[in-house]
1. Out of the range 106-120, which residues are at pLDDT below 90, within 20 Å of VAL34 (Cβ to Cβ) and either in contact with a helix residue (DSSP H, G or I) (Cβ under 6 Å, 6 or more places away or on another chain) or outside any loop (DSSP other than H, G, I, E, B) (or both)?
2. Looking at the range 323-330, is at least one residue more than 32 Å from the chain's Cα centre (by Cα), closer than 21 Å to ALA199 by Cβ and modelled with pLDDT of 85 or more?
3. What number of residues within the range 217-273 satisfy the criterion of being at pLDDT below 75, open to solvent by less than 40 Å² (accessible area, probe 1.4 Å) and in contact with a His (Cβ under 9 Å, 6 or more places away or on another chain)?
4. Counting only residues that are in contact with a Pro (Cβ under 9 Å, 6 or more places away or on another chain), more than 20 Å from ALA265 (Cβ to Cβ) and either open to solvent by less than 50 Å² (accessible area, probe 1.4 Å) or touching a residue at least 60 places away in the same chain (Cβ under 8 Å) (or both), how many does the range 309-338 have?
5. Please go through the range 117-144 and give me each residue that is open to solvent by less than 20 Å² (accessible area, probe 1.4 Å) and of a type in the set (A, V, I, L, M, F, W, C), ordered by number.
6. What is the number of the single condition among (1) surrounded by fewer than 15 Cβ atoms within 10 Å (Cβ to Cβ); (2) in contact (Cβ under 8 Å) with a residue 24 or more places away in the chain that ALA56 does not meet?
7. Would you mind finding the one in ARG86, ARG184 that is open to solvent by 50 Å² or more (accessible area, probe 1.4 Å), modelled with pLDDT under 75 and in a helix (DSSP H, G or I)?
8. If you take the residues of the range 90-116 that are farther than 17 Å from ALA56 by Cβ and basic (Lys, Arg), which of them is least open to solvent (accessible area, probe 1.4 Å)?
Amino acid sequence: MEPALAAQALGASTEIATAALSGEDPDAVLRLVVRHAAELAKADLGLVMTRGEDGALTVEAAHGSPGPTFTDPVGLVLSPRSSAARTARSGVAIVVDDVAADPRTAPFVPRELRNFGPFAAAPFGTAQRRLGALTVYRNRGAQPFAETAVEMLTAFAAQAGLVLVLAEGANARARLTLYQERERIARDLHDVLVQRLYAAGMQLDLLARRPSRKLARKDAQRLADAIDQLDASIADVRAVVRALRNPDPEEHATDLAESARTEVAIAGELLGFQPVLEIDGDLADVPAALADHARAALRETLSNVVRHSGAHHVSVHIGRGDALRLVVADDGCGIPEGVTHRGLGHLEERARQAGGRSDIRSSPKGTTVTWTVPLG
C-alpha cells in the first residue's frame, strides 16, 4: 500500500475509533465509515450494509450519489444470494470490473445500482462478529478498482468493524453501570426515604386524632396540611423510583408481590400488629401500569385502616385469574355514614382508569374493600 494511502487510512481509522468509543450516535459513526471508505477507494458510491437473520443485507449508510433517479440508497435490501451477502457470510472480498455484467454479481444486482460498473465488496466486522459488508462502486466506464485499493478496503473494513464491535461492548458496560447506579439510588429512595416519610405521616395523623389531645382549629389545619404535603412527597418520590427502575414501563414489569409485602410491612409497624397477606397466583407478568395502580390502591386502603379504623385484625388478599383482585378487610369501627375520605375516592378513580371497579362494604364491625381490574 502506498505510504500516502496508508497514512490516509490510518487517519480515517483513528477518527472512526474516536467517534465510536466516545459514544457517538451509531448512525453517525456508520456514515463516517462509509465516507472514508469511498474517499480511500476513490469511489463514486460507498455503502455500509448489515446482515439480517435471513442473510439479506440492508443498506444502513451511504456516501456519494447512486444516480439522478435514485438518490437515497439507505434502506435498500439486497438478496441473501447477492455478491455482497456472500462476502458478508464468507469473509472473502470480491472485485469485478462491471457489477451489472459480470456473471458472479449480475443476477442479484438491484436495478437501482445497475448504472454502476467497477465494484468491490469487503467483509465488515470481525471473524467472530460478521456485521455485514462494505461496498464501493464507480460509474460505468470508469477505471476498475486496483488490487491495492481492494486490499486497502478489506483492511479498512476489518479495522472499522473491530472498532464498532469494541465500542458496542464498551457502551453495553456503560449502560450496565448506569442501570446498576439507577437501581441503587431507587432502592435507597424506596427502602429509606419513602418508608420514613410514610411512617412520619402516619404518626402525625395518629397524633392529630388522639382524644386526649385537643388541638386548636388552626393547629389542626396546619397538621393536616403537613400530612397532605408528606403524602404528596411520598407520591413524588415513588414516581422517581418508578422512573429510575423502569424507564419504559411498557417493557419492564413491576414486582407487585414484593411491593405488596413492603406496604403490608409498613402498615404493620404503624398498627402494632402484622396484617395477614395472602397472594394467590403468579403476579410477575402483571403489566407495569396495572401493577402501579394496584400498589397505590393497596397503599391507600391500608393508610385508611391505620388512620381511621382502630382495627385489631387486618387481612390482605391479592389474586389473579381473568382479573386482578385486591381485597383488604379489617375488624375496625367502619366508615361513619356521610363521611367521605379522599383515599377512597382515589381507589375508585384508579379502578376506573384501569377499566375496573372498587367496592366498599362497611359496618360498625369492620370494612372490606374489594378492588378488581380485568387483566385483558
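1. GLU112, LEU113
2. Taking the range 323-330 as the starting set, the residues that turn out to be more than 32 Å from the chain's Cα centre (by Cα) are 327-330.
From what's left, closer than 21 Å to ALA199 by Cβ: 328, 330.
If we keep only those that are modelled with pLDDT of 85 or more too, we end up with 328, 330.
Yes: one or more hits.
3. Residues flagged as at pLDDT below 75, open to solvent by less than 40 Å² (accessible area, probe 1.4 Å) and in contact with a His (Cβ under 9 Å, 6 or more places away or on another chain) within the range 217-273 amount to 3.
4. Number of matching residues: 3.
5. Applying the first criterion (open to solvent by less than 20 Å² (accessible area, probe 1.4 Å)) to the range 117-144 yields 117-122, 124-125, 132-137.
Residues satisfying the conditions are PHE119, ALA120, ALA121, ALA122, PHE124, ALA133, LEU134, VAL136.
6. (1)
7. Numbers: ARG86 fails: modelled with pLDDT under 75.
Only one candidate passes the filter, namely ARG184.
8. Filtering first and then ranking leaves ARG114.
The values are calculated or read from the model by the stated rules, or taken from the named source; none is laboratory data. A quick note: this is a predicted structure, and the numbers were derived from the prediction, not measured. Using ideal geometry, Cβ is built from the backbone for each residue, glycine included, and neighbour counts are taken over all protein chains shown. Calculation scope for accessible area: heavy atoms of the full protein, side chains included, ligands and nucleic acids excluded. Shrake-Rupley method; radii C 1.70, N 1.55, O 1.52, S 1.80 Å.
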